[in-house]
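So the structure is just underneath, and the comments pick up after that.
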């Protein structure tokens, strides 16, 4: 099953390779990984999308917690969360296709962020389903280049306090 | 006053109470060696290879319980010590390894003797540091010792570029250290401990399955108390030997692939397994899906990742073995009613039947070739009163030593368990001897394994480390040959080692003492002579070449399905026996398949 794991880490060199090395060394999957500093510039937040059965996910969470540069690990699937991904899509546009490209952009509430006589670059943000849908619609026009950020996710503010697994709470 | 990085290094080691380091110099660490050369508090043992330095630091750590320290240079110095780091990581040995690095301005330029020390060591250290600023050096060293020795111990690397060792900074050694992402759990969950106590008190066929965590947390006394108050048999892993007295009536000896018949049968048929500081390694569990199929499992370990990694656990308790066992004993005092001895009498009757059915045994023909088991049994009997420290290499001799050398106390057993590093034993013994110059330190080695680090004979002689190496010499990679006997129809691919070297002459070439016992009648005399000599000794014992180590659970087999002796077709060759040939003797007598 797919899980989204949110990992707070020290913002210093080498941390990404420790996390990536853990996944490759132990044969865990990474579907996507995104990372950027948090409000506190000494920390970064990683969003890792991974797959595995319950035992593997438990191991992933524990192994991440064991890394000394990891400050906090939250398996977002334990509670409600929202997720978003951004894609930048460069589309070939023949003169007769330009209106269609704009219509599709409009329908998906996406933006054209760059335009040349032969291309539009479209920025779209949303769920994975939405991004895949717009890609499917734009494909007949001819996609020249596509870049996706990978997903970021955040827990929904709970009605009751969230059960998170911090390092101190990592006891069984 | 400002100190250079090298001086800060020295002062920091003094503050950590380091007495001995194992080291080999090179261009980028010369400043540090220069400072070490001008002082007397810290003994610098110059090794002949960085792998030896790493294993010596491991031996030192295992025997003392303190962090072992190694110092190596950049590039090849670093790559050579990797094996020891990986070994220490697998066996949770507290180690702080310092490596030299090219000057910070050259990092990444493919400079002479540059290697990515951080990248190389990342998968085989608990943590590693690159010190880029001399002002961070003291704090980094403090953190390195803290991380290496707390929680589940392990190796830590500190990479020091040349300019950092030469630049100056104010020195103030931090009094304490706090790392926000690193807070090991020591106290077990009280509720879980209570649940565990209730399960233990009721269990009719329980087994304690104890691992190396018992040694590192110093939990032997608690373990003995727990076992005695509940009358529960104690199965030990290879790493736990000495953690519970080998001659204790509740000791079942070693479990696992070459464990005793009764230890493996007991765990298979038990109704409760209490795992303490162990990690359910495949050499212990055999076929993991059928490991202790009838039992509930309580698992006490300081490392949460060890729990539920390989087997399902009913009651997980994250915490330090010593602290948790103490609480468990208290909880049991409140829980136990009735006689635990009486409750478990049928279980012990069953275990004693297993013991009688298949004891550890070998047949020593007084006139025939020396059996390797006999060497270890005699070594044990002739030295046990001196409370020796015993190291081993990896292979058949290691398993026989685990079976026959019944250690009474912890921190006496130095062996490479997880990584299975041949060549570990001799340098590890030297590390222990450096920590305890007056103790008897034995190394039971195989002729194959020991050749991976014989260059350290020079280190032993020069530094007056009088370790006694008993070479169980069958002229084979014995365990490889055993697997070839059992699973490859006796085709000995690359396992025969021929008669070289002559270990007596080899020892003598380095200025050590070489002895040899070729007959059963010479064995006791040779052992007695070896341990009386206050110098490094190689005692070469040519043994029956075809002796195999049993019981044996084939890889992936179940714990109750042990091979107990050679299959009949192998028996014939066994029966004939063949002493290992000695260098210089007629080579035509060598039997090869």
Pair residue B:178, residue B:133: separation of 7 Å Cα→Cβ label points (nm): 2.1
Helix A:15-25 versus the longest principal axis of chain A: what angle, 0 to 90°, nearest 10, using Cα atoms? 80
Roughly what would the spin-label model give for residue A:136 and residue B:34, points 7 Å off Cα along C-beta, in nm? 7.1
Return the Rg/Rh ratio of segment B:190-357 with Cα-based radii and a Kirkwood Rh. 0.92
Can you pull the mean other chain C-beta count within 10 Å for peptide A:58-69? 5
Can you give the translational diffusion coefficient of the protein assembly as shown in µm²/s, computed by Stokes-Einstein from the Kirkwood radius over Cα pairs at 37 °C and 0.692 mPa s? 114
Rounded to the nearest 500, what is the 222 nm mean residue ellipticity of chain B from helices alone, with -39500 (n - 2.57) per DSSP H run of 4+ residues and division by all residues? -11000 deg cm²/dmol
Residue B:570 paired with residue B:524, simple spin-label distance in nm, labels 7 Å along Cα-to-beta-carbon: 3.2
Crossing angle, helix A:54-66 versus chain A [Cα axis fit, 0-90 degrees, rounded to tens]: 70
I'd like the orientation of helix A:98-107 relative to chain A: the angle between its Cα long axis and the longest Cα principal axis, in ° from 0 to 90, rounded to 10. 40
Report the extension gain between residue B:287 and residue B:187 in nm, rounded to one decimal, defined as 0.36 nm multiplied by the number of residues separating them, less their alpha carbon distance. 32.8 nm
Based on the alpha carbons, how large is the Rg to Rh ratio for segment B:59-217 when Rh follows Kirkwood? 1.11
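Relative to 2.2 N^0.38 Å, what does the C-alpha radius of gyration of segment B:1-77 come to as a ratio? Two decimals please.
Against the empirical 2.2 N^0.38 Å value, I get 1.08 for segment B:1-77.
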Choose one answer from A:60, A:134, A:68: the residue with the largest mean-square fluctuation in a GNM of chain A with alpha-carbon springs under 10 Å. A:68
Rounded to the nearest 0.05, what FRET efficiency do residue B:345 and residue A:83 give with R0 = 51 Å and r taken as the Cβ-Cβ distance? Could you check? 0.25
In µm²/s, what is D for segment B:372-589 at 4 °C and 1.567 mPa s, where D = kT/(6 pi eta Rh) by Stokes-Einstein and Rh is the Kirkwood radius from Cα pairs? 74
Based solely on its DSSP helices, what 222 nm [θ] is calculated for chain A when runs of n ≥ 4 H residues each add -39,500 (n - 2.57) and the sum is averaged over all residues, nearest 500 deg cm²/dmol? -8000 deg cm²/dmol
With a ≥ b ≥ c the root eigenvalues of the C-alpha gyration tensor of chain B, is it rounded (a/c under 1.5), prolate (a/b larger than b/c) or oblate? oblate
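Need the full-extension length gain, residue B:365 to residue B:310, defined as separation in residues times 0.36 nm minus the C-alpha distance. One decimal, nm.
Details: separation 55, 0.36 × 55 = 19.80 nm, distance 4.36 nm.
Taking 0.36 nm per residue and subtracting the Cα distance, the gain is 15.4 nm.
All of the numbers you see were taken from the coordinates with simple rules; none came from a lab. This is a predicted model, so every value here is computed, not measured. So basically every Cβ, Gly included, is an ideal-geometry build from the backbone, and we count neighbours across all protein chains shown.
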